[in-house]
Amino acid sequence: MQIEQYKIDEYNQQQLTAHRQKFDFVAGDIRDIDSVMKKLRAFQIAIPSWALGTGGTRFGRFSGGGEPRNLEEKIADVGVLHALNRSSGAISLHIPWDIPKDAAAIKSLAAQHGIRFDAVNSNTFQDQPGQKLSYKYGSLQHADKAVRKQAIEHNIEVIKHGEALGSKALTVWLADGSNFPGQLNFRKAFQRTLESLEEIYAALPSDWKLYLEYKCYEPNFYSTTVADWGQSLLYTTKLGPKAYTLVDLGHHLPNANIEQIVSLLLMEGKLAGFHFNDSKYGDDDLTVGSINPYQLFLIFNELVEGMDARGMDHANDLGWMIDASHNVKDPIEDLLQSVQAIKIAYAQALLVDKAALTAAQDANDVVLAQEILQNAYRTDVRPLVAEASLRNGGAIDPIGAYRTLKIRKKLIGERGSKTVATGL
Ligand code: RM4
Ligand code: MN
Ligand code: MN
């Protein structure tokens, strides 16, 4: 499935006059509009290969039809997203859910859609068919050296798959932990995990990074061996300069100040990047910006401030990925919403008057500081995001275009109404 450019152009034509009016109105008030537009156009967010099918809960799964049945079709779906918003030019693969059979062919298929391969994710949280040893009691932390070895080898194999595709990072998320007090010696679990990670780290190609993701609970409910940003930072600091801490927004205890975590990880040069999603209670994996868009803005405000302070390239120096799952929405529409929410928060953060904010902070003018942040947050930047998409060849309104062009209907026609994507 490939969307012809002229169809998007035709769709845009109908929206153009109304869009122009809105854009000129907002842009007129922005001092450095050219630089804002340049940054917005360059910003790309990787789509997880496991989010293109309907997920579900442990109670059930309600497939929507036309789901991608293999890696090729997942890439085609990311191609649809990217054609519509021109901001989804990367895919993040989960191994072994998405092992490329012919890496060169997959790479060239992705290139046809303008898609590159972002971080590859290993999986030692499930037992795979035919697997020799079980991860029931953990993987890199396991008391049995043979299990640790199996998990290390899996990670090294994932790096090899990634290398063949042109990825530059390995994301490690561990389900390791314990369910009951007394089950685990925390110190030994940490030491064993560190030693295992050291072996994986040693296998990284010279231009690769290792992203270590933390999560406070689930599937283990008493302790997690990489539970929070402090523990991840401890590992990544001990590992060395190629190891970074990955922030998944849903992996914190309720009300955690994620923006402060982000600011300090950036300060230390240890922020890997993100798994974007939103949550009400825990690792809910909901559409980005659907529950707490203000928090997302505050995170981006710290990101922009911190990246500029370190002279970083916004688009390329951190890993920008989505990690979400969809129970009731069309996954493609959900992902379009997520990318849109990320770009809105980024655009708002770019509008914060930094000099005025610094002056207000230095003068302890609390009211003014809040006003400055909220002025940016309350600006309707949607026309800027639409304009960035338009200038890149995408749709002014990606979801509107997706519906008008009846993409899901076409996918169901091609793939059938009963397909179930591989993954979670
Ligand atoms: C975990 C974590 C990982 C993701 C798996 C599927 O909760 O967020 O990043 O790979 O889920
Ligand atoms: Mn994640
Ligand atoms: Mn998660």
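With both residues required to sit in segment 40-192, DSSP beta bridges show an antiparallel share near 10%. The value of relative contact order for segment 276-393, using C-alpha pairs under 8 Å at least six residues apart, is 27 percent. Probing with 1.4 Å while keeping every protein chain in the model, the per residue accessible area of segment 41-175 equals 39 Å². Most simply put, segment 211-328 has about 10% antiparallel DSSP beta bridges, counting only bridges with both residues inside it. Label-to-label distance for F180 and Q5 is 6.3 nm, based on points extended 7 Å past Cα in the beta-carbon direction.
In this Cβ point-charge picture (+1 for Lys and Arg, -1 for Asp and Glu), the chain has a dipole of about 1040 debye about its Cα centre. In the full protein context, segment 183-226 carries 48 Å² of accessible surface per residue, based on a 1.4 Å probe and ignoring ligands, DNA and RNA. Once the gyration tensor of the Cα atoms in the chain is diagonalised, the equivalent ellipsoid follows with semi-axes of 35, 28, 18 Å, ordered largest first.
Computed over the Cα atoms of segment 238-389, the ratio of the radius of gyration to the Kirkwood radius (Rg/Rh) comes to 0.97.
Helices meeting the span-like rule in the chain (full DSSP H runs, Cα extent of at least 20 Å along the helix axis, mean Kyte-Doolittle score of 0.0 or higher): 71-85, 293-309, 331-350.
Among the listed pairs K145/K215; K329/K409; K280/K329; K242/K270, a Cα-Cα separation exceeding 19 Å is found for K145/K215.
Taking the centroid of alpha carbons for each part, segment 69-146 and segment 1-62 are 24 Å apart. The Cα atoms of segment 147-272 define a convex hull whose projected area, averaged across directions, is 7.9 nm². The distance between label points at D102 and R58 comes to 4.1 nm (points 7 Å beyond Cα on the Cα→Cβ vector). Less than 5 angstrom separates the built amide H of G273 from those of V247, G319, all sequence-distant by 5 or more or on a different chain. Of all stretches in the chain that contain no chymotrypsin sites (Phe, Trp or Tyr not before Pro) in a DSSP loop with at most 11 other Cβ atoms within 10 Å, the longest one is 63-220. For the pair segment 212-228 and segment 291-350, the centres of their Cα atoms are 23 angstrom apart. For q = 0.12 Å⁻¹, what log10 I(q)/I(0) does segment 48-100 give under the Debye formula with an equal point scatterer on each alpha carbon and no solvent? Calculated log10 I(q)/I(0) at the listed q: -0.29. Per-atom-type breakdown for the chain gives carbon and sulfur 52% of the accessible area (1.4 Å probe, protein chains only).
Annotation: amide H of I30 has no partner in the under-5 Å range at sequence separation 5 or more or interchain, hydrogens built in the peptide plane. Compared with the alpha-carbon gap, the fully stretched path from N327 to T358 is longer by 6.9 nm at 0.36 nm per residue. Mind telling me which of A83, A376, A363 comes out most flexible in a GNM of the chain, alpha-carbon contacts under 10 Å? Judging by the Gaussian network model, the answer is A363. Mean sequence separation of contacting Cα pairs (under 8 Å, at least six apart), scaled by the length of the chain, corresponds to a relative contact order of 23 percent. Based on C-alpha pairs under 8 angstrom that are at least 6 apart in sequence, segment 93-226 has a relative contact order of 27 percent.
Judged by the ratio a/c of the largest to the smallest principal axis of the C-alpha gyration tensor, segment 1-116 counts as prolate, that ratio being 1.5 or greater while a/b is larger than b/c. Residue farthest toward the positive end of the dipole of the chain, with Cβ of Lys/Arg at +1 and Asp/Glu at -1: which of P48, L390, S223? Farthest towards the positive pole: P48.
Solvent exposure of segment 257-397, expressed per residue, is 39 Å² of accessible area, with all protein chains present and a 1.4 angstrom probe.
Subtracting the Cα-Cα distance of E195 and Y281 from their residue separation scaled by 0.36 nm leaves 27.6 nm. When the chain is treated as a GNM, springs tying every alpha-carbon pair under 10 Å, which of T193, T245, T358 comes out with the largest mean-square fluctuation? It is T358. Between L264 and Q131, what FRET efficiency comes out of the Förster formula 1/(1 + (r/R0)^6) with R0 = 51 Å and r the beta carbon distance, rounded to 0.05? Once rounded, the FRET efficiency stands at 0.85. The simple Förster model, with R0 at 25 Å and r as the Cβ-Cβ distance, assigns E163 and N255 a FRET efficiency of 0.05.
The values are calculated or read from the model by the stated rules, or taken from the named source; none is laboratory data. It should be emphasised that the depicted structure is a prediction, and the values quoted were computed from it without experimental measurement. Because the Cβ atoms are built from the backbone with ideal geometry, glycine has one as well, and the counts that use them run over all protein chains shown. Accessible surface areas use protein heavy atoms only, side chains included; no ligands, DNA or RNA. Shrake-Rupley method; radii C 1.70, N 1.55, O 1.52, S 1.80 Å.
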